[in-house]
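Here's the structure we're looking at; comments come further down.
The values are calculated or read from the model by the stated rules, or taken from the named source; none is laboratory data. These figures come from a predicted structure and were not determined experimentally. Cβ atoms come from the backbone with ideal geometry, glycine included; neighbour counts cover every protein chain shown. Calculation scope for accessible area: heavy atoms of the full protein, side chains included, ligands and nucleic acids excluded. Shrake-Rupley method; radii C 1.70, N 1.55, O 1.52, S 1.80 Å.
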Amino acid sequence: MYLFLFHNAHLFLRQLSDDCWFPLETCEYHTLANTETFRLTTSDGTPCLAAQVSDDAFEGATLWDLREAYGAMPAELHALAGKASELLFWDKHSRYCSLCGAPMKRHTEISKVCTSCGEEIWPTVQTAVIVLIEYRGKALLVQAKNFRRPFHGLVAGFVETGESLEECVRREVREETGLEICNLRYFDSQPWPYPMGLMVGFRADYAGGTLHLADGELVHADWYTANNLPILPPPPSIARRLIDTWVAEQLKALQ
């Protein structure tokens, strides 16, 4: 059994080799006594347990930021750790009923029910879009104020109520850059457990407008060629996959 044990949003991992880290497999039983846990399963049927713990140290284990653990952990276990993180975040932020204020209790592995009025709830995923915009062999890369590191990524934003994914992409591009786009097409999607998101990726072509930072969310934006790029977002972000896919296409076209 793997134990996805989190302390203050950081995950305990043990090192098996120089570049291979795994979740804990054993721990003192009393650590999880009276602790809310969630059960998960790997693709090969290995049971997993997720919990938030007060302990800040385990012998032979190191606390990792979940983003930075990508690449150090096997890909499936990192994805499962993301789901575990989301469930623990949801559990922490859904202790009381939003209708009557009474305590909530676990009903299933992914639902809770109010102990008074019976209201049942499930984890709610926040959907966001992200888009790579192309124009004459260049891609629009942007730097947002809320980026944790000095890299350039892509235009992105949250889907609003009553809005389709495509409408959201066009609105976010217009609001953040003043540009209009066309030939919008789906790329891929990715769970984004920071804290509970789903990123939906698109590609699009420039259709018109003058580039200007319209709503104050961006601090810089410009068009870049594949052989002259700024610092890029790290894996496993869908932004990096979008950019890497575009770069590979551009370089292949030059061969």
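Dividing the summed helix terms, -39500 (n - 2.57) for each DSSP H run of n ≥ 4, by the number of residues in the chain produces a 222 nm estimate of -6000 deg cm²/dmol to the nearest 500. Using θ = phi - 60° in the Karplus curve 6.51 cos²θ - 1.76 cosθ + 1.60, the 3J(HN,Hα) couplings for the range 198-213 round to 10, 9, 10, x, 9, 10, 8, 10, 5, 10, x, x, 9, 5, 8, 7 Hz; x is entered for Gly and Pro. Ignoring lysines fewer than eight residues from LYS252 along the same chain, the ones with Cα atoms less than 29 angstrom from its Cα are LYS138. Comparing LEU165, LEU87, LEU229, which has the greatest mean-square fluctuation in the GNM of the chain with Cα pairs linked when under 10 Å apart? Highest fluctuation among the options: LEU229. Hey, if you drop one equal point scatterer on each alpha-carbon of the range 168-255 and run the Debye formula without solvent, what base-10 log of I(q)/I(0) do you get at q = 0.18, 0.22 Å⁻¹? Taking Cα atoms of the range 168-255 as identical point scatterers yields -1.02, -1.43.
Just checking the listed ones, HIS220, HIS107, HIS152: in the Gaussian network model of the chain with Cα springs under 10 Å, the one fluctuating most is HIS107.
This structure gives Cα extents along the principal axes in Å, computed directly, and of (1) 47, 44, 33; (2) 61, 51, 32; (3) 91, 55, 27 that value is listed as (2). Based on alpha carbons, the Rg and Dmax found for the range 87-135 are 15.8, 57 Å. Taken about its Cα centre, the range 13-131 carries a charge dipole of about 580 debye when Lys and Arg each add +1 at the Cβ and Asp and Glu each add -1 at the Cβ. Taken about its Cα centre, the range 149-255 carries a charge dipole of roughly 440 debye when the Cβ of each Lys and Arg holds +1 and the Cβ of each Asp and Glu holds -1.
The residue among MET196, THR115, ALA128 whose Cα reaches farthest toward the positive pole of the charge dipole of the chain, with charges on the beta-carbon of Lys, Arg, Asp and Glu, is ALA128. Here the chain carries DSSP beta bridges of which approximately 75% are antiparallel, counting only pairs with both residues inside. Surface composition of the chain: carbon plus sulfur atoms contribute 50% of the solvent-accessible area (1.4 Å probe, protein chains only, all chains present). Computed from the Cβ-Cβ distance with R0 of 30 Å, the FRET efficiency linking VAL113 to ASP56 stands at 0.35.
Can you list the lysines whose alpha carbon sits under 26 Å from that of LYS83, skipping same-chain ones fewer than 8 residues off? Leaving aside lysines fewer than 8 places away in the same chain, those within reach of LYS83 are LYS92, LYS105, LYS112. Peptides 108-120, 129-141 ordered by packing proxy, namely the average of other Cβ atoms within 10 Å per residue, highest first: 129-141, 108-120.
Extension gain for TRP122-ASN8 works out to 38.8 nm (0.36 nm per residue, less the C-alpha to C-alpha distance). The residues of the chain expose, per residue, 54 Å² of accessible area to a 1.4 Å probe. Alpha-carbon geometry of the range 1-87: the Rg and the Dmax are 11.8, 35 Å, given in that order. Each residue of the range 227-236 was assigned a 3J(HN,Hα) from its phi angle through the Karplus curve 6.51 cos²θ - 1.76 cosθ + 1.60 (θ = phi - 60°); the sequence is 9, 8, 10, x, 5, 9, x, x, x, x Hz, with glycine and proline shown as x.
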